[in-house]
Amino acid sequence: MEKQVKTNKRRYLGLKWKAFIGLSFLLLILSATFYGLNYRNLVEQFRAQRQLEIESLSRQIDGMLDKTADRLIRLSGALASLSNIGKALHERNQRQLSPSIDFAQYGNLGYELDVQWIEVFTLDAQPVWHWSQAAMSEPPEELFLAAITRVRNEEQPVTLLACKPLCLLYAFVPILAQGENVGIMVLGQSIADL
């Protein structure tokens, strides 16, 4: 009989033990809940901060592209006026448009001003002169023609970012002579150099 009483006592848990086990489970559940909430909050905070950084970098890149495009537009206008390209295109003077006369200096300017592409077009998109750094591939022709058409129609500079195969930012600027649009100058710069 004594054996039976002893086994019954061992199986029975006292009120203190039940309270201890219950509080332990409650603390375990609360700890897991706080851990889960903290983890979720940290993940949301990380995502929000990453999104802010992406937006900030995007604004910086847009600013650099806008600044470079503005510089290319001003530079092409200055180059066109310095070499009297507008006058030569207006008078259709092939001798003055000869690459060996005025345009020979553009190669040096291209290197000094970090320009990879210089090209002059007539209003009907016929190339008059072209210079590019070595190993440059042709840009997408359909994008060039669309930009030239837009510049011809609107008489406003247009910028184009083309990544085929290298990413170049192009500025298409109308060449003016005697109050009319007579051609288009295109300057291109690699965005890797920004």
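The values are calculated or read from the model by the stated rules, or taken from the named source; none is laboratory data. All values derive from a computational prediction rather than experimental measurement. When we count neighbours, we look across all protein chains shown, and the Cβ atoms used for this are built from the backbone with ideal geometry, even at glycine. The area values use the complete protein model at the heavy-atom level, side chains included, leaving out ligands, DNA and RNA. Shrake-Rupley method; radii C 1.70, N 1.55, O 1.52, S 1.80 Å.
Its Cα centre serving as origin, the range 9-79 has a Cβ charge dipole (Lys and Arg +1, Asp and Glu -1) of approximately 1020 debye. Solvent exposure of residue 67, expressed as accessible area, is near 150 Å², computed with a probe of 1.4 Å over the protein chains only.
Largest to smallest in accessible area, the residues 114, 124, 70 fall in the order 124, 70, 114 (1.4 Å probe, all protein chains included). A 1.4 Å probe, protein heavy atoms only, puts the accessible area of residue 20 near 120 Å². Residues 185, 64 ordered from highest to lowest accessible area at a 1.4 Å probe: 64, 185. Seen from residue 51, the other residues with C-beta closer than 15 Å to its C-beta sum to a net charge of 0, counting Lys and Arg as +1 and Asp and Glu as -1.
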